[in-house]
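> Handing you this structure, nothing more for now.
The values are calculated or read from the model by the stated rules, or taken from the named source; none is laboratory data. The structure displayed is predicted, hence computed values, not measured ones. Here the Cβ positions follow ideal geometry from the backbone for every residue, glycine too, while neighbour counts run over all protein chains shown.
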2 protein chains.
Amino acid sequence: MDDKHSGGTSLVIFLIYGSSLMAMITALYFARSVVRIPVVGDTPEQEAKFKDISEAIAEGAMAFLAKEYKYVGIFAIAFAGLMILTLDHSNTPLHEGVYSAISFLIGALTSSLSAFLGMKIATMGNVRTTIKAKIGLSEAFSVAFQSGAVMGFGLVGLAVFGLITMCIAYGSIIEEKELLMEMVAGFGLGGSTAALFGRVGGGIYTKAADVGADLVGKVEQGIPEDDPRNPAVIADNVGDNVGDIAGMGADLFGSCAEATCAALVIGATSAAIAADPFAIYFPIIISAIGIPISLITCFFARLDSKATSAEPILKKQLLISTVLMTIACIVITKWGLLESFVINGKTVTNTNVLISLLSGLWSGLLIGYVTEFYTSHSYRPVREVADASNTGPATNIIYGLALGYKSSVVPVIALAVTVYLSWTLAGMYGIAIAALGMISTIAIGLTIDAYGPVSDNAGGIAEMVELGPEIRERTDLLDAAGNTTAAIGKGFAIGSALLTALALFAAFLVRSNIQALDLLSPLVFAGLLVGGMLPFVFTAQTMKGVGVAANAMIEEVRRQFREKPGILKGTEKPDHRTCVAISTAAAIKEMIAPGMLVMLTPLVFGYLFGVEALAGLLAGTLVTGLVMAVSASNSGGAWDNAKKYIEAGALGGKGSEAHKAAVVGDTVGDPFKDTSGPSINILMKLMAILSLVFAPFFVSHGGVLLKFLK
Amino acid sequence: MDDKHSGGTSLVIFLIYGSSLMAMITALYFARSVVRIPVVGDTPEQEAKFKDISEAIAEGAMAFLAKEYKYVGIFAIAFAGLMILTLDHSNTPLHEGVYSAISFLIGALTSSLSAFLGMKIATMGNVRTTIKAKIGLSEAFSVAFQSGAVMGFGLVGLAVFGLITMCIAYGSIIEEKELLMEMVAGFGLGGSTAALFGRVGGGIYTKAADVGADLVGKVEQGIPEDDPRNPAVIADNVGDNVGDIAGMGADLFGSCAEATCAALVIGATSAAIAADPFAIYFPIIISAIGIPISLITCFFARLDSKATSAEPILKKQLLISTVLMTIACIVITKWGLLESFVINGKTVTNTNVLISLLSGLWSGLLIGYVTEFYTSHSYRPVREVADASNTGPATNIIYGLALGYKSSVVPVIALAVTVYLSWTLAGMYGIAIAALGMISTIAIGLTIDAYGPVSDNAGGIAEMVELGPEIRERTDLLDAAGNTTAAIGKGFAIGSALLTALALFAAFLVRSNIQALDLLSPLVFAGLLVGGMLPFVFTAQTMKGVGVAANAMIEEVRRQFREKPGILKGTEKPDHRTCVAISTAAAIKEMIAPGMLVMLTPLVFGYLFGVEALAGLLAGTLVTGLVMAVSASNSGGAWDNAKKYIEAGALGGKGSEAHKAAVVGDTVGDPFKDTSGPSINILMKLMAILSLVFAPFFVSHGGVLLKFLK
């Protein structure tokens, strides 16, 4: 065995750093080729418009991030203080709380940094995509794709870099591997806390702006979408970036960091793993190996000049990366990993680990494709929703909800099989590995995901600059593909969130010395019931948050149209800034309640009722959270595309009664798919990692209410 | 101890039969006083109309029941065959399958019989309530209340009679108490199977007729609700009875029978209980003692002649019966029950049993009152939904869904506390006792529940006979109270379904010799995930079932208006019969898929993956089923009352944009609150009791797929 790993620790670390570097260089390369495209117009007026609009969007995005990060910062520092106060549980000179707090802060910072970079490049790529669209579809596609790739590769590069650095830095101070990994978990918690602000706050922001812009602009005033006269149009375009880039990026960064941490924490309990450098770092290696795989996949991302849709090429990206990754997984697991090791009293072979890894990887792809089936208007489910619009908005809503509920069948079964296989074959370690498998191709996943808002923005800019219809048609083609990939991306994000949360849950149990969790204990079952309710309450809060924030936006847009009648005539300029500020302020305010629910529930519950009740609570949250997230995302996506299907000419087309009904469905679907659904990912993961990080505290101080009752 | 029970078995049995007899006599008495009211009109034409309409409703209701029972019959006989084939598990001369099958058939028959009687009297009480409304509000109230009471008392009387007879009859053949009780469980299964047809089929029927009548009549043709020219109006009125009387009755009959069976099965495992007649029959005694309590409560059900609302008096009924029942519980438990006994290795005192009983009883009341808070337009939540209608149907839907999700908090916590308390204090026996506590006042609960559709029908008849507005106003007042009590009744039904299902789940585990169910077993967790998905799929199926059935109705009503233009002019008679037939056929057809899901899933899952996976599946179903049922019922109730609030004059009143938006919400809410939500009760209970009845089969033959994999 030793021969195989003769290189030892330094070689493994060198390779991990190498691939992290490769990701960063790739990101820089793509960033450079995007930025170098000059922002020029056919006339000086057009050029000025290009610059004005893209700068307004960039400025709005940065304004949101600045405010968000201010709150993230304050919150993170306060929370770090709490960690220092509660997490000093051993009697060694080492203060665990301090180390956990530091890694927590670094995690939050890294996550925020990668979201920031993604936003930065996306708000530069959008206008450049529009400009290239004047030349041709394939040229515009390249710019949008490369902008997305900056986010994809940059984020993975940072995540891998952060994780390995953390391991090494702490490794040199702390002898005990278990303690080390526990502190690394703080890194994941930091990432997820930042993701909470990104997903929930960003989700509320984007939909408040969208609903506000649409209801007053499109419905009340009858002006087209993305019309420059609409004061909320910049906020709407900012929102696309905030929700789908910063939010999605932080979410997947969290999954990557947390699943890795969970695998590290669980793996550290095995003596065989702890003695072998390749085995120790195996969880990070999975993400690292995904980088070159994703890079190779990128070379296939060329759109033929005669192509009429970007969708097949983007979907093919997922398939190619999955196939290549399968080969890579076989190589690293069979060649690199220990032939077998004992973990938690169970002997695990590297074939077992490989099957876990591949079951995660492939069920991710399956979930992605099923999501597409339920949300693309090329297939029957969305068309049924469109048909139901013929009898009015009520039937559209009923069919859309039913579609979402039903669409959870295959994803849930796929995940149940993955859980069963990986858990049976490799214990809880297997679940963490399966989670890593699902997001191992995250660089590509994020690339095609971030591609969406860039294309969407490019279309908006084309409209605002009043370019010709053939250019708008090209950006629409790019955008349409983005809608589908966004749905697929959400499927991936949910699946990986479930597996990650489950891995964290497992790590929490290991950490709490819970070897068996009897469902037939009253406390566990009561926890399960209460936990099952939380995703519903959280959904209610985030949905209503969007409603309240959208109302503020509606009032403002109405006020501007009323007080400045010149706006609609085109003689007066609308005030974009106030709308951006309103969306920003409302988003931050409305995320407090759901944020508190997520952050406080596990802490309070664990403190009052102890670790077993908390474990029941977490399990309940996972069970309902998974189905709620899948169905909310898919219902929302289906409503959106049912509307688009009608707009493309079906059932009477734009302006028909069916179209009006479909618009109602789409508006209901907006908070479903872009706020509540994706935010549940954070709910599941954050509650689990909070429990993990605070496990030592709950073990020693938890269950006060029970002690009091006795 | 023996002194206390000197009367022994015969006295206990005598008292149980006595109270059953009391219930039946009460039901007969009320039935007689309703039926004796002559159906007379002010003119011979009016009298003919009264008779025509009420006979058409009665005929439609019986046509539905006849068809439903035909299918129930065929299905029950086939299923009994399956039981005989699979359930012969011991080597004694006794064939358990045959006994189980017989009690299954008797259960189905008793349940069907009580639903039939309830429907019969309700379709006689409706027209008599209208006639008495010509005299005054309190006179009309009495008739509606008495009609409801026939259902309430008749059903409980039959349930108690059936249960005790079953115990005695089998007791004389079978020595082994455990085996005896297991066979009695077949009785509960039979009741619940009939309830499946009643709740799901009835739920689809009522909403197909309602939506069809409204969309074509009210929306397309602009004629008022319950207008006699609408061909679907009789089907709509039939539907009220089918859904809220037959469906609700069968559901609660099931809860009562199943919770009793679960308590009997679990209790039979204790040697101390088995040796004491009072203790053996204690579960039946709880329901039996509820009968005189409910009767006393009825004496308080008098409406003052100056009263302007029937709501306070109906709500007070619940409070009075709960207080009286509390006293009765203390007496029977402290005086009658063994001071302590050992069950499943745990010593349980009668105080523990009492606390379990009371926690169920009072959390039922709490759930009822919270339900009222979230669904009555006297309070803030519904008014918020009404306000949200100002910005269109989309915001109405978003706020209504959020309300439902949020409304689950208190019920879930109340049930979690009940589960925790009763389980901790008295083991799984405690949970069954808590379930029985919650439905111990079922005679009163059903009375005020069945009162609703009778009043609703009375209003419809007043409209169709074209009585004066002051009479319609009186029936509207009665009907408004019925809406609130219907919501409360649903809350009770869900709470008791959860506890009953949990008790059955417990009995299933006892029967399968599962002492601990480790959530950290891959199979259990995978089962949990899949189980959590089932209520969503079931909801999707039932919601779409309503959509499909409603479409058939819409086509038919449109056809009649098109082919017979004289209908709208009043010169031609609409064809009610075809509409009734369409609703009936569609309801039966659309219930097949959800019915199969409920019946086959536990059987297939248990057979393929064994009892542990099945236990996980059941737990998952309970967790999501509870929240889904509560939120669907409350969202639906809130949408309905938000519309009524606007119709009463708020936000611009009838015809305003807000009203149109609220109508959309109400239409979405119809299948939520009257089909999907209540049907989940059956899903939870039926899956659990199926598992219980087939437990011996799963133990010996289950898990084939796992064996195959090994």
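> Being under 21 Å from the mean Cα position of the chain (by Cα), at pLDDT below 95 and among the polar types (S, T, N, Q) narrows it down to one of A:395, A:347, A:375, A:418, so name that one.
Details: A:395 fails: under 21 Å from the mean Cα position of the chain (by Cα); A:347 fails: under 21 Å from the mean Cα position of the chain (by Cα); A:418 fails: at pLDDT below 95.
Selected residue: A:375, the only one of A:395, A:347, A:375, A:418 that is under 21 Å from the mean Cα position of the chain (by Cα), at pLDDT below 95 and among the polar types (S, T, N, Q).
> Out of the residues in region A:541-587 that are within 14 Å of chain B (Cβ to nearest Cβ) and in contact with a Leu (Cβ under 8 Å, 6 or more places away or on another chain), state the one that is surrounded by the fewest Cβ atoms within 10 Å (Cβ to Cβ).
The qualifying residue surrounded by the fewest Cβ atoms within 10 Å (Cβ to Cβ) is A:554.
> Are any residues in region A:418-435 free of Cβ contacts under 8 Å to residues at least 12 places away in the same chain and either away from every other protein chain (no Cβ under 14 Å) or among the hydroxyl-bearing types (Ser, Thr, Tyr) (or both), and if so, which ones? So that I can check it myself, show each step before the final result.
In the first step, residues of region A:418-435 are kept if they are free of Cβ contacts under 8 Å to residues at least 12 places away in the same chain; the result is A:420, A:423-424.
The answer is A:420, A:424.
> Turning to a different aspect of this structure: Do we find that residue A:455 is under 17 Å from residue A:369 (Cα atoms), touching a Leu at 6+ places or on another chain (Cβ under 9 Å) and of a type outside the set (Phe, Trp, Tyr) in this structure?
Values: under 17 Å from residue A:369 (Cα atoms): no; touching a Leu at 6+ places or on another chain (Cβ under 9 Å): yes; of a type outside the set (Phe, Trp, Tyr): yes.
Criteria not met by residue A:455.
> Please state which of the following conditions residue A:693 fails to meet, knowing it meets all the rest: (1) under 20 Å from the mean Cα position of the chain (by Cα); (2) more than 14 Å from chain B (Cβ to nearest Cβ).
The one condition residue A:693 does not meet is (1).
> Separate question: Look through B:188, B:171 and report the one residue that is modelled with pLDDT under 90, farther than 24 Å from residue B:291 by Cα and of a type in the set (Gly, Ala, Ser).
Values: B:188 fails: farther than 24 Å from residue B:291 by Cα.
The conditions single out B:171.
> Taking region A:541-563, which residues are charged (D, E, K, R) and under 9 Å from residue B:402 (Cβ atoms)? Lay out the reasoning, then the answer.
First, pick out the residues of region A:541-563 that are charged (D, E, K, R): A:544, A:555-556, A:558-559, A:562-563.
Passing the criteria: only A:544.
> Still on this structure, please answer the following. Which of the residues spanning region B:398-415 are at the interface with chain A (Cβ under 7 Å from one of its Cβ atoms), under 23 Å from the mean Cα position of the chain (by Cα) and of a type in the set (Val, Ile, Thr)?
Once the filter is applied, which keeps residues that are at the interface with chain A (Cβ under 7 Å from one of its Cβ atoms), under 23 Å from the mean Cα position of the chain (by Cα) and of a type in the set (Val, Ile, Thr), region B:398-415 yields B:409, B:412, B:413.
> Among the listed residues A:488, A:494, A:514, identify the single one that is buried (at least 24 other Cβ atoms within 10 Å of the Cβ), of a type in the set (Val, Ile, Thr) and within 14 Å of chain B (Cβ to nearest Cβ). Break it down stepwise before answering.
Details: A:488 fails: within 14 Å of chain B (Cβ to nearest Cβ); A:514 fails: buried (at least 24 other Cβ atoms within 10 Å of the Cβ).
None of the other options fit; the residue is A:494.
> For region A:667-685, which positions are under 13 Å from the mean Cα position of the chain (by Cα) and either closer than 26 Å to residue B:417 by Cα or not acidic (Asp, Glu) (or both)? Step through it out loud before you land on a result.
Within region A:667-685, the first condition is being under 13 Å from the mean Cα position of the chain (by Cα), and the residues that meet it are A:673-685.
The answer is A:673, A:675, A:676, A:677, A:678, A:679, A:680, A:681, A:682, A:683, A:684, A:685.
> Looking at region B:600-650, which of its residues are touching a residue at least 40 places away in the same chain (Cβ under 8 Å), more than 14 Å from chain A (Cβ to nearest Cβ) and of a type in the set (Asp, Glu)?
Correct list: empty.
> Give B:252, B:318, B:295 a once-over and let me know the one that is assigned to a helix (DSSP H, G or I), within 22 Å of the chain's Cα centre (by Cα) and over 24 Å from residue B:164 (Cα atoms).
On the way: B:252 fails: over 24 Å from residue B:164 (Cα atoms); B:295 fails: over 24 Å from residue B:164 (Cα atoms).
Testing whether each residue is assigned to a helix (DSSP H, G or I), within 22 Å of the chain's Cα centre (by Cα) and over 24 Å from residue B:164 (Cα atoms) leaves just B:318.
> Here's a follow-up. In the list B:151, B:124, which residue meets the criterion of being within 24 Å of residue B:633 (Cα to Cα) and hydrophobic (A, V, I, L, M, F, W, C)? Explain how you work it out, then say what you get.
Values: B:124 fails: within 24 Å of residue B:633 (Cα to Cα).
After applying the criteria, what remains is B:151.
> Pairs only if they're at least six apart or on different chains, beta carbon under 6 angstrom, first in region A:484-505 and touching a residue at least 40 places away in the same chain (Cβ under 8 Å), second outside any helix (DSSP H, G or I) and surrounded by fewer than 24 Cβ atoms within 10 Å (Cβ to Cβ); list them, first residue then second.
Listed pairs, sorted by first residue: A:484/A:376.
> Name the single residue that is nearest to residue A:71 (Cα to Cα) among those in region A:211-224 being more than 12 Å from every other protein chain (Cβ to nearest Cβ) and touching a helix residue (DSSP H, G or I) at 6+ places or on another chain (Cβ under 6 Å).
My answer is A:213.
> Failed condition for residue B:395, given (1) under 30 Å from residue A:393 (Cα atoms); (2) away from chain A (no Cβ under 14 Å); (3) buried (at least 23 other Cβ atoms within 10 Å of the Cβ), with all others met?
(2)
> Does at least one position in region A:436-457 carry a residue that is within 14 Å of chain B (Cβ to nearest Cβ) and buried (at least 24 other Cβ atoms within 10 Å of the Cβ)? Can you show your working first?
As a first pass, look at region A:436-457 and keep what is within 14 Å of chain B (Cβ to nearest Cβ): none.
Among the residues of region A:436-457, not one is within 14 Å of chain B (Cβ to nearest Cβ) and buried (at least 24 other Cβ atoms within 10 Å of the Cβ), which makes the answer no.
> On to the next question. The conditions are (1) aliphatic (A, V, I, L, M); (2) under 24 Å from residue B:254 (Cβ atoms); (3) modelled with pLDDT of 90 or more, and residue B:113 fails exactly one of them. Which is it?
Going through the list (1) aliphatic (A, V, I, L, M); (2) under 24 Å from residue B:254 (Cβ atoms); (3) modelled with pLDDT of 90 or more, residue B:113 breaks only (3).
Let's see how each residue does on (1) hydrophobic (A, V, I, L, M, F, W, C); (2) in a helix (DSSP H, G or I):
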position	(1), (2)
A:369	no, yes
A:374	no, yes
A:378	no, no
A:382	yes, yes
A:389	no, yes
A:421	yes, yes
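> On to the next question. Has region B:338-348 got at least one residue that is β-branched (Val, Ile, Thr) and in a helix (DSSP H, G or I)? Please lay out each step first, then the result.
Applying the first criterion (β-branched (Val, Ile, Thr)) to region B:338-348 yields B:342-343, B:347-348.
Retained after the next criterion (residues that are in a helix (DSSP H, G or I)): none.
Checking region B:338-348: not a single residue is β-branched (Val, Ile, Thr) and in a helix (DSSP H, G or I).
> Under the condition of being surrounded by fewer than 24 Cβ atoms within 10 Å (Cβ to Cβ) and among the polar types (S, T, N, Q), which residue from region B:127-162 is nearest to residue B:259 (Cα to Cα)?
B:142
> Same structure again: How about region B:332-361: which of its residues are of a type in the set (D, E, K, R), touching a residue at least 60 places away in the same chain (Cβ under 8 Å) and touching a Ser or Thr at 6+ places or on another chain (Cβ under 8 Å)?
The one that is of a type in the set (D, E, K, R), touching a residue at least 60 places away in the same chain (Cβ under 8 Å) and touching a Ser or Thr at 6+ places or on another chain (Cβ under 8 Å): B:339.
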